[in-house]
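The next block holds one structure in the form of structure tokens; read it before the comments.
Nothing in this text is a laboratory measurement; each read-out follows from the coordinates by a stated rule. Since the model is a prediction, treat every value here as computed from it, not as a measurement. Quick reminder, even Gly has a Cβ in these numbers, built from the backbone with ideal geometry, and neighbours come from all protein chains shown.
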Amino acid sequence: MRKLYLRMRSLLLASTSVIIFFILWELAALYLPSPYFPDPYSVLKAFITIITVGDIDGYTLAWHTLMSLERVLLGFVVGSATGVPIGILLGIKPTLKNAVTPIIEPIRFIPPIAWIPLSIVLLIGMYRYIFLIWVGVFFPVLLDTIAGVKRTSITLIQMARTFGADNKKIITKIIFPGSLPEIMNGLRVGLGVGWMCIVAAEMIGGEPVGLGRLILKYANLLQIDTVIVGMITIGLVGLAMNYFILFLEKRLFRWRVEIKA
Amino acid sequence: MKKSIIVLSIILIVALGAVAGMYGAGLLTPTQKVKIRIGYLTGDLHHLALHVAVAKNYFAQYGIEYELYEYINGPTLMQHFVMGELDFAYVGTPPALNARASGIGSNVTSLPVVIGSGNLEGSALVVNQDIIKNISDLNNKKIGTPGTGTIQDVLISTYAKNNNLNITKYPGRISDLPVQYARGEIDGFIGWEPYPSMAVYQNNASILLTSHDIMPNHQCCVLVVSDKFLASNPEIVDKMVAIHRAAIDFINTNPAEAKQIAMNVTKLPMPVIELAFSHMSFSKSVNVDSIKAFLIDMIRLGIIRNIDIEQVDSFINGFINTKYVSG
């Protein structure tokens with residue numbers, strides 16, 4: 001009963017803050033005398049138009065969203081598939097990690113958007129997007145995986161060795177499962193960064209479809225209501241992806257104190 | 001001792017306050033010249049009049065201080081223009097029309113007013129002739145444009161609509177279009193000169209259509225001033241128009257030197273500049289009919305939503321300042 005009460009209270013609070021947000025938005029639109037600050041109703045109308053009719057080139061919101069999702073998921077898969085194994089390798093081989101740190105650390109601080117000009121002249125179409133997403137996903141996954149490996153109990157590893165386990169078994173049965181919570185955290189952060197990268201990449205990349213392109217297209221036309229439609233969609237999809245990974249995390253790591261909390 | 005420190009402190013505070021007050025009231029600052037802010041587009045030969053004016057020192061001759069701001073395309077430039085970041089701009093007619101339409105009725109935005117003609121025609125559609133041999137081959141092809149809402153985007157969209165062609169437009173930065181074309185990502189592109197001519201010389205592209213073929217003698221770029229600047233600084237606008245007209249005269253009377261200036265600005269070889277020049281003309285009068293045609297096309301394409309076809313004439317009357325330009 002108390003659980004239901006708490007859930008209802010939380011839902012009510014969330015709904016109230018959303019309503020207050022829309023009221024403030026409406027008031028701001030009313031008092032800000034700019035044709036480039038639309039009210040919520042104009043944005044709702046633009047939402048309906050873009051969903052049902054499509055944009056000026058005929059692409060619907062669903063199509064823009066699916067294209068962006070496809071790009072980000074492909075980049076995410078490549079980023080994870082490289083970040084996790086390399087992270088484990090660097091975690092278990094500190095000498096190797098020390099050797100590559102002078103290369104990895106400076107590259108890590110180059111924002112994905114700075115790679116765009118280079119990717120335009122070196123890569124084509126989807127490969128360009130995959131690369132840019134990879135840049136966003138790889139480093140958070142790599143660093144969290146290394147941290148996860150370091151957190152693996154040395155006692156467990158020594159015990160496994162005492163019982164005759166080889167390196168392969170230690171990695172697959174102890175280090176990898178032990179690092180999974182941190183890896184999952186890296187994946188969640190990486191997916192968020194990747195999602196932000198795709199929007200920036202689409203704004204410059206030249207493809208006709210994608211949420212980033214939708215925003216730029218309508219910014220060029222000074223139709224800000226549709227720009228906000230694109231922004232809201234990006235926020236909602238990002239939120240949904242974040243919740244999906246949190247959900248997975250909760251299902252996979254019920255034993256973790258942090259997850260229960 | 002203590003007393004004198006207090007007195008000195010009070011005198012110091014009062015003096016500082018007085019100085020600050022006089023500074024705030026503008027009594028201590030010398031009468032400043034207005035520094036005009038001019039926007040233009042990356043590597044656009046349509047804006048040659050501006051580059052000529054800079055190269056020939058016309059601004060100094062007229063006692064005008066200026067700052068130049070470069071943008072990747074007309075719509076991006078106009079986003080800054082309507083927010084009051086620019087006083088003048090060399091820009092394509094459609095982005096200027098759209099900016100005026102979007103801000104009409106609002107007194108906080110800066111609306112563009114045409115005070116000069118930049119150039120007529122001057123865009124071309126270049127293609128890979130192995131893939132696209134004639135107009136009907138454009139069907140289902142990927143054609144690059146320098147961005148949604150640019151004059152090239154409006155021209156190709158209207159052309160496709162009128163000829164029942166299904167073209168997939170790939171909007172991108174003008175400087176990236178030849179690269180994307182060379183890499184086979186797009187089958188062709190429409191852009192402002194000298195980019196199409198560049199693709200002809202450097203990437204073996206062929207010119208399928210010039211903008212003359214799409215809309216003969218059309219107005220391309222215009223010189224616009226912010227309505228607010230026009231109202232507050234009419235004498236500077238007079239001088240700017242004089243500078244612009246002198247530059248247009250220079251281009252038409254000294255084409256060889258004008259081409260040399262174009263070469264210096266774009267860093268491109270003379271054959272590219274020569275070809276680009278063959279696709280455009282520099283005129284002091286605007287083609288009002290073509291501006292109306294652009295407005296109607298933009299309304300039909302859904303780019304301009306708040307103006308009806310019936311309002312076209314009155315809209316154009318406000319858009320073009322007949323004190324400075326004639327049709």
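So what J values fall out for region B:81-89 if you push phi through Karplus, 6.51 cos²θ - 1.76 cosθ + 1.60 with θ = phi - 60°, rounded to Hz, Gly and Pro as x?
Per residue, the Karplus-derived 3J(HN,Hα) values read 4, 5, 7, x, 7, 10, 9, 10, 8 Hz.
Measure nothing fancy, just the Cα-based angle from helix A:2-31's long axis to the longest principal axis of chain A, in degrees from 0 to 90, nearest 10.
With rounding to tens, the tilt is 40 degrees.
Can you tell me, using C-alpha contacts under 8 Å and at least 6 residues apart, the relative contact order of region A:104-180 as a whole percent?
Relative CO of region A:104-180 lands at 29 percent.
Springs between alpha-carbon pairs under 10 angstrom, Gaussian network model over chain A: which of A:F21, A:F37, A:F47 fluctuates most?
With Cα springs under 10 Å in chain A, the top fluctuation among A:F21, A:F37, A:F47 is at A:F21.
Within region A:40-260, count lysine pairs with alpha carbon atoms under 21 angstrom apart where the residues are 8 or more positions apart or belong to different chains.
12
Using label points projected 7 Å from each Cα along Cα→Cβ, tell me how many nm separate B:S326 and B:S283, to one decimal.
About 1.3 nm separates the two model spin labels.
Pairs B:K56/B:K239; B:K161/B:K259; B:K141/B:K284; B:K142/B:K267: which exceed 26 Å Cα-Cα?
B:K161/B:K259; B:K141/B:K284; B:K142/B:K267
Percent relative contact order of chain A, based on C-alpha pairs within less than 8 angstrom and at least six residues apart?
Once normalised by length, the contact order is 23 percent.
Would you order B:D137, B:D187, A:D144 from fewest to most other beta-carbon atoms within 10 Å of each residue's own beta-carbon?
Arranged by neighbour count, lowest to highest, B:D137, B:D187, A:D144 become B:D137, B:D187, A:D144.
Long-range amide H contacts for B:Y71: which residues qualify at under 5 Å (H placed 1.01 Å from N, peptide plane, sequence gap of 5 or more or a different chain)?
It is B:Y40, B:L41, B:T42, by chain and number.
Per residue of A:213-220, count partner chain C-beta atoms within 10 Å of its C-beta, then hand back the mean as an integer.
For this peptide, the per-residue mean of nearby foreign Cβ atoms is 5.
May I ask you to evaluate 6.51 cos²θ - 1.76 cosθ + 1.60, the Karplus curve with θ = phi - 60°, for each residue of region A:112-124 and list the ³J(HN,Hα) values in order in whole Hz, giving x for glycine and proline?
x, 5, 6, 7, 4, x, 5, 5, 5, 7, 9, 10, 10
Can you give me the distance in nm between label points at A:N167 and B:K228, each placed 7 Å from the Cα along the Cα-to-Cβ direction?
6.8
Just to be sure I understand: with springs between alpha-carbon atoms less than 10 Å apart, which residue in B:N73, B:N306, B:N98 has the highest mean-square fluctuation in the Gaussian network model of chain B?
B:N306
Check the straight Cα-Cα distances from B:K133 and name the aspartates and glutamates below 13 Å, setting aside those fewer than 8 residues away within the same chain.
B:D187
Using θ = phi - 60° and the Karplus relation 6.51 cos²θ - 1.76 cosθ + 1.60, list the HN-Hα couplings for region A:96-102 in order, rounded to whole Hz, with x at every Gly or Pro.
Ordered by residue, 3J(HN,Hα) equals 5, 4, 4, 5, 8, 3, x Hz.
Hey, what did chain B get for relative contact order, percent, Cα under 8 Å, at least 6 apart?
24
As a footprinting exposure proxy, order A:V18, A:V135 by other Cβ within 10 Å, with the fewest listed first.
Least to most surrounded, the residues fall as A:V18, A:V135.
Against the longest alpha carbon principal axis of chain A, how many degrees, from 0 to 90 and to the nearest 10, is the axis of helix A:61-92 turned?
Approximately 20 degrees, to the nearest 10.
In region A:105-191, which chymotrypsin sites (Phe, Trp or Tyr not before Pro) fall in coil by DSSP and have 15 or fewer other Cβ atoms within 10 Å?
A:F109, A:F163
Just A:P33, A:P85, A:P94 to compare: in a GNM of chain A, with alpha carbon springs under 10 Å, which one fluctuates most?
Ranking A:P33, A:P85, A:P94 by mean-square fluctuation puts A:P33 first.
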